[in-house]
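Reading through the structure tokens given below for one structure.
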Amino acid sequence: MFGVKKTITFGIAVYNVADYLAGCIESVIAQKGDDIEILIVDDGSTDGSGAICDAYAKTDERIRVFHKENGGVSSARNVIIDQAEGKWISFIDGDDKLTENAAETVRHYAETTFDIVFFDALFFRFDHSVPTYQIKAPELVIRTEDEIRTLTLSTLYANQSTPNYINKTRGTVWGKIYATTFLKENKVWFDERLRKSQDVAFNLECMRYFKTGVFVRKAIYLYRQNEMSIVRRYNPEISTYNTLLAHAFLEIVQSFAPRLCSQLTERFYAMCIIIIKTNLQLDFCHRRNKKAFAERKSDFESFLQNDWCQTAIQHCNSEILNKSDAMIYHWIMQNDFKAICRYFKKLDLDDRIKAVSNRLGLNKLKSGIRQKIQSKGQKR
């Protein structure tokens with residue numbers, strides 16, 4: 001139909017990840033089978049990542065490398081969709097890895113007619129490669145109208161009412177496989193304006209056409225939790241981007257049928273609270289923002305005058321918010337910027353402590369000590 005010749009297309013988006021790239025590519029080429037193709041898109045890297053991609057291409061004929069000017073991860077992934085010849089597409093970030101038997105696990109679903117297969121993922125930090133979290137979702141097929149609606153709503157904003165079978169990778173593009181014909185026939189592409197939260201937007205767009213899928217209790221993906229990633233860095237330009245992001249989400253929400261659009265709009269307002277939180281975390285309350293407290297407070301109040309902020313704050317249903325989002329929403333309504341700053345200061349301190357612990361492997365050490373203590377207790 002679209003020149004599909006392979007079972008699986010593993011697509012790696014690469015940008016300045018030279019320190020981790022070899023581990024990523026080696027985890028992919030370790031997957032056995034000639035029915036695999038590996039597409040690597042170098043998105044204008046300046047740290048030597050491109051040369052690493054080319055070197056590995058010489059060692060494995062399944063690899064095809066594409067070099068392009070920097071346009072963001074969304075543009076790199078669109079190259080993968082456009083060039084994919086596999087029946088299924090699996091997206092990989094250049095600093096992450098596949099599990100040892102990922103391809104074998106995927107092949108069990110190769111002849112199915114699902115649009116998307118949702119797998120589990122293992123999370124690890126730095127190079128200790130110790131899983132810190134594993135999703136425990138039962139295997140479940142999604143096909144009824146109610147199930148699809150629940151999945152769609154949870155893709156935009158998941159809360160305490162989200163069923164356990166909908167795992168935490170629902171909003172990511174990694175940890176799952178997409179039917180290539182599903183994406184191409186429905187013209188589902190990544191929004192190249194977006195460089196953050198593009199995964200959620202892409203999956204929400206998929207939900208417009210989604211008919212059936214399955215959640216599988218097997219991990220195919222190793223996700224690196226990197227404290228220095230873009231989601232944690234100081235970004236004084238985040239306000240402009242978040243306004244673009246909010247409008248992009250709203251465009252997708254309004255493209256759904258009226259009944260679901262109404263329910264999605266409520267979730268959109270909740271998502272807007274998360275977007276406002278990122279503004280607070282990455283700019284107004286960030287430790288590298290050296291402005292005086294009064295000036296940061298004034299900047300935040302000016303930011304809240306954006307139309308999407310005002311609409312979300314006025315119409316947000318606080319009862320559907322998660323605990324931390326509800327706290328932020330309450331403080332915004334009370335105009336308590338001091339409480340908000342205290343919250344993010346503590347969050348930042350906790351993150352830095354965790355970062356140091358993980359660099360030193362202390363979490364692994366603590367886990368080993370805990371196991372020894374428990375073992376001794378059982379012997380007694």
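The values are calculated or read from the model by the stated rules, or taken from the named source; none is laboratory data. Just so you know, these numbers come straight off a predicted model, no measurement behind them. Please note: Cβ atoms are built from the backbone with ideal geometry, for glycine as well, and neighbour counts cover all protein chains shown. Just the protein is used for accessible areas: all its heavy atoms, side chains included, with ligands, DNA and RNA removed. Shrake-Rupley method; radii C 1.70, N 1.55, O 1.52, S 1.80 Å.
What to note about this one:
- Filter result for residue 283 (closer than 21 Å to residue 84 by Cα, at pLDDT 95 or above and open to solvent by less than 40 Å² (accessible area, probe 1.4 Å)): no
- For residue 11, the conditions (1) under 14 Å from residue 96 (Cα atoms); (2) open to solvent by less than 30 Å² (accessible area, probe 1.4 Å); (3) in a loop (DSSP other than H, G, I, E, B) are fulfilled apart from (3).
- Taking the conditions (1) touching a strand residue (DSSP E or B) at 6+ places or on another chain (Cβ under 8 Å); (2) of a type in the set (Ser, Thr, Tyr); (3) without any contact (Cβ under 8 Å) to a residue 12 or more places away in the chain in turn, residue 144 satisfies each one other than (1).
- Hits in region 103-124 (condition: more than 18 Å from residue 180 (Cα to Cα) and open to solvent by less than 10 Å² (accessible area, probe 1.4 Å)): 120, 121, 124
- Restricting attention to region 14-39, the residues being out of contact with any Cys (no Cβ under 8 Å at 6 or more places or on another chain), farther than 19 Å from residue 100 by Cβ and not in a strand (DSSP E or B) number 4.
- Any hit, region 40-58, residues being closer than 21 Å to residue 176 by Cα and either modelled with pLDDT of 95 or more or outside any loop (DSSP other than H, G, I, E, B) (or both): yes
- Among residues of region 49-61 that are among the β-branched types (Val, Ile, Thr), those with a Cβ under 8 angstrom from a residue that is part of a helix (DSSP H, G or I), sequence gap 6+ or separate chain, pair up as 52/18; 52/21; 52/22; 52/25; 59/29.
Rundown of residues vs (1) open to solvent by 30 Å² or more (accessible area, probe 1.4 Å); (2) touching an Asp or Glu at 6+ places or on another chain (Cβ under 7 Å), yes/no style:
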| site | (1), (2) |
| --- | --- |
| 17 | no, yes |
| 25 | no, no |
| 68 | yes, yes |
| 81 | no, no |
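- Looking only at region 92-113, and only at residues there that are hydrophobic (A, V, I, L, M, F, W, C) and closer than 14 Å to residue 7 by Cα, the one that is farthest from the chain's Cα centre (by Cα): 110
- Selected residue (only one of 259, 233, 217 is surrounded by fewer than 22 Cβ atoms within 10 Å (Cβ to Cβ), at pLDDT below 95 and assigned to a strand (DSSP E or B)): 217
- Residue that is nearest to residue 193 (Cα to Cα), among those in region 236-256 that are of a type in the set (Phe, Trp, Tyr) and open to solvent by 20 Å² or more (accessible area, probe 1.4 Å): 241
- Residue list for region 63-116, filter: closer than 11 Å to residue 220 by Cα and not acidic (Asp, Glu): 90, 92, 97, 98, 99, 101, 102, 103, 105, 106
- Where a residue in region 290-314 is modelled with pLDDT under 95 and its partner, wherever it lies, is among the small types (Gly, Ala, Ser) and part of a helix (DSSP H, G or I), with Cβ under 6 Å and at least six apart: none
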